[in-house]
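Structure, as structure tokens:
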Amino acid sequence: MINSVYKRIPQILLLVSFLIIGILQLDKTTVSQGLKATYFKDAGSGVPQISRIERLATINRNDHYGVSDRSIDVQWEGYLWSGKQDTIHLSVPTYLDAHLVLNSQTVIDSVANKQGHSKSIQADVNQGLNPIMFGLSHSSLEDIYFSGGLRWETNIGSKLIPTRFLFPSRLNERQAFYAVASRYLQDILTWTIVLIITIVIITILFRNL
């Protein structure tokens, strides 16, 4: 089997090239996804206010925007897509002030490290697009490293909400569905490439040992 795979490495690499082209084409044709992030900074901080589309609602101490003079102030807005009416478990960082609004209802409004302030919540989502706003702020972080964002519980633990479920603006349901499906397909193709390249590397190693 090793020899058979080894002889077909050129064809396998050609297949990988086609898969990569396919991923890039899917990415070009899929609508922009993520949330609109707005960073607010004082004029004296030297960092101007900006707005941009970000694929994940997350920030860390090394980010240039949103973190300056040991303070942070950022807000993400857009829509969270769900394939069905469901109850999800959302969580926010414990060490930052957090404000989370889902379907026009405030579900989390917490102060950093404050006892009795909820950092996680079970929330109902409708099938399709659900308006969401998530804000993080803190006026005095000191010189400590932090990393945090909007997370939800999955079968394999707590994870940042993936890009494929986030939209910066409202679309019709068909467009949103196909965008989510396209991102799933991109993920499948990406992991297929990783698997193929891993097999090729193992084959080369075994063939030459």
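The values are calculated or read from the model by the stated rules, or taken from the named source; none is laboratory data. It should be emphasised that the depicted structure is a prediction, and the values quoted were computed from it without experimental measurement. Glycine also receives a Cβ, built like all others from the backbone with ideal geometry; neighbour counts cover every protein chain displayed. Areas reflect the complete protein model, heavy atoms only, side chains present, ligands, DNA and RNA absent. Shrake-Rupley method; radii C 1.70, N 1.55, O 1.52, S 1.80 Å.
Summary value for the chain: 27 percent relative contact order, contacts being C-alpha pairs under 8 angstrom separated by 6+ residues.
Heavy-atom surface analysis with a 1.4 Å probe gives region 80-209 a carbon and sulfur content of 55 percent of its accessible area.
Would you please report the Å³ per residue occupied by the convex hull of the alpha carbon atoms in the chain? Could the numbers behind the result be given before it?
Numbers: hull volume 38.2 nm³, N = 209.
About 183 Å³ per residue, rounded to a whole number.
Using a simple charge model, +1 on the beta-carbon of Lys and Arg, -1 on the beta-carbon of Asp and Glu, nothing else, what dipole does the chain show about its Cα centre, in debye to the nearest 20?
Details: 19 positive and 16 negative charges, 189 e Å.
Computed charge dipole of the chain: roughly 900 debye.
For region 1-26 and region 73-129, write down the distance between their C-alpha centroids in whole Å. Region 1-26 and region 73-129 have Cα centres spaced 42 Å from each other. Among the listed pairs Lys36/Lys114; Lys119/Lys159; Lys84/Lys159, which have their C-alpha atoms separated by more than 22 angstrom in this model? Flagged as over cut-off: Lys36/Lys114.
Top to bottom by accessible area (1.4 Å), largest first, where do Arg151, Arg183, Arg8 land?
Numbers: Arg151 85, Arg183 20, Arg8 130 Å².
Largest accessible area first, the residues go Arg8, Arg151, Arg183.
Computed from Cα atoms, the angle from the helix 173-208 axis to the main principal axis of the chain rounds to 50 degrees.
Dipole of the chain computed with +1 at Lys/Arg Cβ and -1 at Asp/Glu Cβ about the Cα centre; of Ser182, Ser140, Leu15, farthest Cα towards the positive end is Leu15. Over the chain, accessible surface divided per residue gives 59 Å², non-protein components excluded, 1.4 Å probe.
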